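Only one structure is covered here, and it is reproduced in the block below.
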Amino acid sequence: MSSLRSKTIKGIAVLGAGKSLGKLVSFANTLILARILAPEDYGLMAMAMVVAGFVGFFNEIGLGSAIIQRKEVSSAQLSGAFYIALITCSILYFITYISAPYAAAFYENEQIELLLQVLAISFFFGAIKTVPDALLVKEMKFKVIAGIEFFSIILVCVVTLSLALAGFKTWSLVYGFLAGELFKTISILWLSQWRPSRTGSIRQAASLMKFGLTVTYSRLTWYLYTNASTLILGRVAGGAQTGIYSMAATIATLPTSHITSLIIQVASPLFSKLQEDMQGLNNALLKLSAGISLVSFPVLTGMMLTANELVPILLGEQWLTAIIPLQLMCIRGFFKSIDPLLTQAFISIGKANITAKYTSFCAVVIPLSLLLGALHSGINGAAFGVAIVSPLLLSVLLFLAKKHFQLSIKSYFAKLLSPLLASLFMAFILLSFEWFMLPILGVNIVLLLMIKVALGVASYSFWIIYVQKDGITLLQTVLSDLGVSQQKLNRWPFSRVEVE
């Protein structure tokens with residue numbers, strides 16, 4: 001168990017290093033593009049991607065997840081799964097192509113038709129990489145995965161920025177996306193060293209589909225409620241407002257979704273290996289959740305309290321209406337950054353049907369709250385609607401976890417207490433500064449942002465090092481698993497706590 005935990009943490013570190021560097025490049029590229037492209041360009045891409053992404057979920061019908069979850073998968077099953085994915089994607093491409101005019105009519109924007117037809121080409125890329133990608137994850141080859149992710153992001157940035165400067169507008173985003181998907185497919189197929197054989201059995205691979213279809217259903221409902229904002233706002237508020245909301249959501253989820261997704265990518269094979277050890281599974285889940293919250297909670301708090309400075313500095317004056325949605329999305333982020341680990345735990349132990357029930361519930365509650373909010377107060381009301389139901393949804397998920405794999409809710413919240421209190425202390429310091437010191441200082445917006453960031457980092461660090469030491473203890477354990485010497489771990493700030 002110790003070696004497995006160490007391998008998992010090292011996997012997170014490798015993926016994290018590669019993805020963090022890639023995300024920094026991607027974020028910088030997004031900021032540059034925001035000053036070149038109009039909100040309408042992002043809105044069109046978002047509306048087309050919602051439809052393409054929804055259909056794309058049927059591409060591999062959960063076969064990749066089934067391959068990862070199964071302890072043993074035969075060569076015939078792997079090749080059969082590859083052929084099933086190819087047949088499925090061909091059918092889906094045809095359906096998407098002929099139905100694109102109806103999607104354009106729904107949004108009342110004829111540009112959606114061609115955008116959707118071109119984006120649907122990515123279905124073939126997804127089908128081809130289904131099996132080799134699952135094998136890389138199953139074998140925990142995280143260095144390979146991290147390298148592919150990083151270079152694909154670089155390619156996307158180069159293509160989108162070049163085309164945006166050349167005046168391609170929304171199409172710069174489309175071609176950049178396709179270039180990145182093509183690169184990932186070729187790289188995964190090449191580096192996995194797996195090739196389909198002629199002896200592949202579709203019939204044998206069909207045994208993977210029962211589990212895979214349940215996973216696919218869960219992901220579809222997740223995708224629907226996650227992207228309900230684009231569907232609803234695209235119809236109710238139009239392309240420009242949808243683009244603004246989409247940009248706010250992108251910024252709010254960028255750091256936390258990155259952290260959560262890389263941990264889930266590593267946790268998936270870990271949870272599968274622990275599916276017969278509920279105590280080990282719960283311990284791993286609690287530690288990983290604590291690790292996510294240790295980083296995501298302060299980042300979200302900081303973004304929420306500096307939104308007035310972040311938006312005009314990073315995006316420009318044309319995006320000022322994104323401030324309130326961004327702040328509300330940060331509140332929602334506290335819950336969304338940690339709950340995917342719980343749903344992944346259900347899938348990894350073979351109880352994808354529980355995740356399916358939960359995502360079905362979310363697929364009703366979230367769009368309804370978003371629609372009511374949008375009809376009442378536009379994009380601000382939509383953001384408020386999804387923020388206010390987030391704690392309810394996490395409560396439901398925790399109840400299911402307690403029922404099906406004996407997760408202690410008290411222990412779960414205990415692990416989150418230290419970063420939560422540290423974030424509240426950070427918020428108190430920043431608000432106090434803004435209320436009492438800012439009128440006296442009268443600094444410009446850039447300097448104000450720098451001061452707030454410095455105060456936030458200092459106050460959060462002070463709390464977890466000197467007041468409530470659970471966070472620094474967790475970090476010490478993680479660094480020890482990564483191979484950091486005990487001599488270095490005896491230095492400040494780790495000297496403030498005792499080694500577990």
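Worth a mention:
- Only listed residue being within 17 Å of the chain's Cα centre (by Cα), surrounded by 22 or more Cβ atoms within 10 Å (Cβ to Cβ) and either assigned by TED's automatic domain parsing to the domain that holds residue 36 or touching a residue at least 24 places away in the same chain (Cβ under 8 Å) (or both), chosen from 337, 348: 337
- Positions within the stretch 67-81 being within 12 Å of residue 133 (Cα to Cα) and under 26 Å from the mean Cα position of the chain (by Cα), in sequence order: 67, 68
- Hits in the stretch 90-146 (condition: farther than 30 Å from residue 40 by Cβ, part of a loop (DSSP other than H, G, I, E, B) and out of contact with any helix residue (DSSP H, G or I) (no Cβ under 7 Å at 6 or more places or on another chain)): 139, 141
- Those helices (runs of 4 or more DSSP H) of the stretch 409-495 in which 2 or more residues are modelled with pLDDT of 85 or more occupy 409-432, 445-462.
- Pair list, Cβ under 6 Å, 6 or more apart: the stretch 107-129 residue free of Cβ contacts under 8 Å to residues at least 24 places away in the same chain, other residue small (Gly, Ala, Ser) and in a helix (DSSP H, G or I): 110/104; 113/100; 113/104; 117/100
- You will find that of 313, 324, 331, the residue that is at pLDDT 85 or above and out of contact with any Leu (no Cβ under 9 Å at 6 or more places or on another chain) is 324 and no other.
- Scanning the stretch 263-271 turns up no residue that is closer than 30 Å to residue 431 by Cβ, at pLDDT below 85, crowded, with 20+ Cβ neighbours inside 10 Å and over 18 Å from the mean Cα position of the chain (by Cα).
- Boolean, residue 92 is buried (at least 17 other Cβ atoms within 10 Å of the Cβ), more than 30 Å from residue 271 (Cβ to Cβ) and not hydroxyl-bearing (Ser, Thr, Tyr): no
- Within the stretch 300-317, considering residues that are touching a helix residue (DSSP H, G or I) at 6+ places or on another chain (Cβ under 7 Å) and over 15 Å from residue 427 (Cβ atoms), the one surrounded by the fewest Cβ atoms within 10 Å (Cβ to Cβ): 316
- Residue check for residue 367: under 30 Å from residue 237 (Cα atoms), touching a residue at least 60 places away in the same chain (Cβ under 8 Å) and touching a Leu at 6+ places or on another chain (Cβ under 9 Å): yes
- Residue 126 being outside the structural domain of residue 351 (by TED's automatic domain parsing), in contact with an Asp or Glu (Cβ under 9 Å, 6 or more places away or on another chain) and at pLDDT 85 or above: yes
- Hits in the stretch 155-168 - residues which are over 22 Å from the mean Cα position of the chain (by Cα) and either crowded, with 18+ Cβ neighbours inside 10 Å or assigned to a helix (DSSP H, G or I) (or both): 158, 159, 161, 162, 163, 164, 165, 168
- Pairs where the first residue, in the stretch 27-42, is not assigned by TED's automatic domain parsing to the domain that holds residue 251 and at pLDDT below 80 and the second is of a type in the set (Phe, Trp, Tyr) and surrounded by 19 or more Cβ atoms within 10 Å (Cβ to Cβ), C-beta under 9 Å, 6+ apart: 34/42; 34/319; 39/319
The values are calculated or read from the model by the stated rules, or taken from the named source; none is laboratory data. Keep in mind that what you see is a predicted model, and the values were worked out from it rather than measured. Backbone-built Cβ (ideal geometry, glycine too); neighbour counts: all protein chains shown.
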